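Engineer: Pasting a structure here, questions to come.
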Amino acid sequence: MFPLFRNSIFKRYCLLFSLFGAAFALNFFSIGIVSDTLAQTRDQKELAQSLGFDIDDLKGGFEDKETGIGREMEDFTIELPDKKDKEDLRTYLGFRGDLSRFGEELFSSERGEFKIADDAQAPDDYLLGLGDQIIIQYYGAESVSYTIEIDRNGSILLPKVGPINLNGLKLYEAQELIRNRVNSQLVGVNATVTIGKTKFINIFIAGNVEAPGVYSMPALSRVTHALYLAGGITELGTYRNIQVKRGGKLVGKVDLYDFLINGDNSSDINLRSNDVILVGESNKNLQITGAVKRPGIFELKGGDDAKAIISYAGGMAPGADIEAVIYSSLISDSPNKILNFSQNEKFSFFDGDAIHFNFKATSYTKVNKSNYVMNKASAIRVNIQGEVNYPGTYLMAAGERISDLMARAGGPTEASFLHGAVFTREKVRQREAFRARELAEEVRRQVVSSSQTQSTNQLDVEDVEFITEQLETYSGIGRVIIDLPRALAGRNDANLVLSDGDALYIPERSNTITVFGEVRRQSSYVYNSQFEIEDYLTLAAGITQLADEDNIYIVKANGNVAQPKGGWFRYGSDKLLSEGDTIIVPVDYDYRQSLPFWRDVISIVYQGAVAIAAISGL
């Protein structure tokens, strides 16, 4: 067996790499292992080229040869494998995220808790029946009050007056009848007539509600009360066209938006016994996101103008751009458009469409009506997540930069850690995956060649297959190291031009230093500005016998690498460390003899494991 695999050192780091790859996917982090010092060596240059990087290009800057996109950067990156399915990640970060339907909070409480207020007033056309209480107050020659319930015959028995049939009468009709009977039969006596406790009525609730069925409820109940008892409206149900049928005829339609937005409940009619409430399907829902006060999913009635749509979302946030609203559709022949909401025009949307309000950039080109439809070749979609005020996916014009994306997202939050920003590019990821597969083939070829020339050694086939499998299944990450603070400060050399599929993640501020690799206690420690590398290695209980103390290096929060010249112990008072950094203690290659190419492969695996573990806090 090759000394390379003695004591399973190689397999140990392959396993670490595999395990930490999963943790990496969950944390949405990647890290570039970079170093100007290492880049100048022959081995590192060959390693970078084997992964698809051109040192001459990358050391001076990351620039796409075909498009010219990109500006100078100080270091080159070597991206590490990740098993997470990138399509799943795009779905998670997609334009259509988890938004609630406007109005669903109206029915968020548990069913059955609703009660009609004791002082609720019955309308004049309230229909009297069995179980209703009538309160009759005499005044004048007599002063007495009676509370009488309508019996099964539909009548009340009024003292000194006799039985009065009220069945089927409206409240105002019953009031007039009782007053006339009292005036005609009792000299000098007048009466006021009101209703006390009301009867219960049966209501049929059908359609798209959580619990359709027959409900017994107070007679003064309205449509919203019935919907509450039925558990509210389902995801498919309409909030804007709820029908009430009585005796087979349509007697009313309820638009809950009138109440939710304007406080107008005039369409929320009183119910009668045996009424049927039918909640149909909503057929036109629009997602509104971005610079609005109330993002969500809103139901349209058709022909909604810009003013109405903005009111659904609670109005615009300060600085919102209403002249360049991004429209996205899965159905329309023109899936990407720019809409102008400043003219209060009426728009026709499809079910499932989405609009996104951006913030006004510090400078921009005004969109003309003749150019509302985006050129598909120039429109790009980029995503921004993490500690920004308005995370999401934005349609950007060709030529816009990282600073423009940050402005659209409302800028960083107070908790943001700009130095730790993670920027990924799809083209870089694809190139990484392709070169990794080529590297896997080269591994197999060199192992076969070595086994033929070194007859005294036997190759561990299992170990070889393990590493080649890792390389072949490597889907790429696409990390491009950026200096976000410099980009936001207006430095064009750091302010990359965006490409379609780019993603930017702004992490929360970290106040730790992570120590990983050949130390006795790998962990994260609270950052101390007075501490040097040696102090953190002491906290980690020192280095192991396998450690290569001359090549300890630091992975900076932004992915760059700093390596002490001549070893960490010669650095003295130099302050290399900052918040969020990771100290890497690599294994000493002198502990095993192997082919130079295998050394490069092990370096990839080892550095991938320690970097991912450091970022994940494992």
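No lab work stands behind these numbers, since they all come straight from the coordinates. Values in this document were obtained by computation on a predicted structure and should not be read as measured data. We place every Cβ from the backbone using ideal geometry, glycine too, and count neighbours over all the protein chains shown.
Engineer: Loop only per DSSP, at most 10 neighbouring Cβ atoms within 10 Å: give me the chymotrypsin sites (Phe, Trp or Tyr not before Pro) in the stretch 268-353, ordered by residue number.
Structural biologist: Hits after loop and neighbour filter: nothing returned.
Engineer: In whole Hz, what ³J(HN,Hα) sequence does the stretch 207-219 give by Karplus (6.51, -1.76, 1.60; θ = phi - 60°), x for Gly and Pro?
Structural biologist: x, 8, 10, 5, 9, x, x, 9, 10, 9, 8, x, 5
Engineer: Quick check: Cα centre of the stretch 151-200 to Cα centre of the stretch 383-411, how many Å?
Structural biologist: That distance is 71 Å.
Engineer: Evaluate 2.2 N^0.38 Å with N set to the residue count of the stretch 133-195, then give the Cα radius of gyration divided by it.
Structural biologist: In units of the 2.2 N^0.38 Å rule of thumb, it is 1.02.
Engineer: Now for a different question. Can you grab the distance from the C-alpha centre of the stretch 275-331 to the C-alpha centre of the stretch 337-362, Å, no decimals?
Structural biologist: Here the two parts' Cα centres lie 9 Å apart.
Engineer: Here's another thing I want to ask about it. List, in the order given, every pair from Lys307/Lys360; Lys197/Lys249; Lys253/Lys346; Lys245/Lys346 whose Cα-Cα distance in the structure shown is over 26 Å.
Structural biologist: Correct reply: Lys197/Lys249; Lys245/Lys346.
Engineer: A further question follows. Pull up all non-local amide H partners of Gly517: gap of 5 or more, or a different chain, and H-to-H distance under 5 Å with H placed in the peptide plane.
Structural biologist: For Gly517, the qualifying residues are Val585.
Engineer: Please turn the phi angles of the stretch 425-436 into ³J(HN,Hα) values with the Karplus equation 6.51 cos²θ - 1.76 cosθ + 1.60 (θ = phi - 60°), one per residue in order, whole Hz, x for glycine and proline.
Structural biologist: 9, 5, 5, 5, 4, 4, 5, 4, 4, 5, 5, 5
Engineer: Return the long-range amide H neighbours of Val497 (sequence gap of 5 or more, or a different chain), with a cut-off of under 5 Å between placed amide H atoms.
Structural biologist: Hits under the 5 Å cutoff: Gly70, Arg71.
Engineer: Please tell me the relative contact order of the stretch 133-195 in percent, rounded to the nearest whole number, where contacts are Cα pairs under 8 Å and at least six residues apart.
Structural biologist: Working: 98 pairs, mean separation 24.3, N = 63.
It rounds to 39 percent for the stretch 133-195.
Engineer: Now a separate question. Starting from the amide H of Gly386, placed 1.01 Å from N in the peptide plane, find each other amide H under 5 Å away whose residue is 5 or more places distant or on another chain.
Structural biologist: Counting only residues 5 or more places away or on other chains, the set is Ile506.
Engineer: Could I ask something else about it? Can you list the HN-Hα couplings for the stretch 124-138, worked out from phi with the Karplus curve (6.51, -1.76, 1.60; θ = phi - 60°), rounded to whole Hz and with x for Gly and Pro?
Structural biologist: 4, 8, 4, 8, 7, x, 3, x, 6, 9, 10, 9, 10, 10, 7
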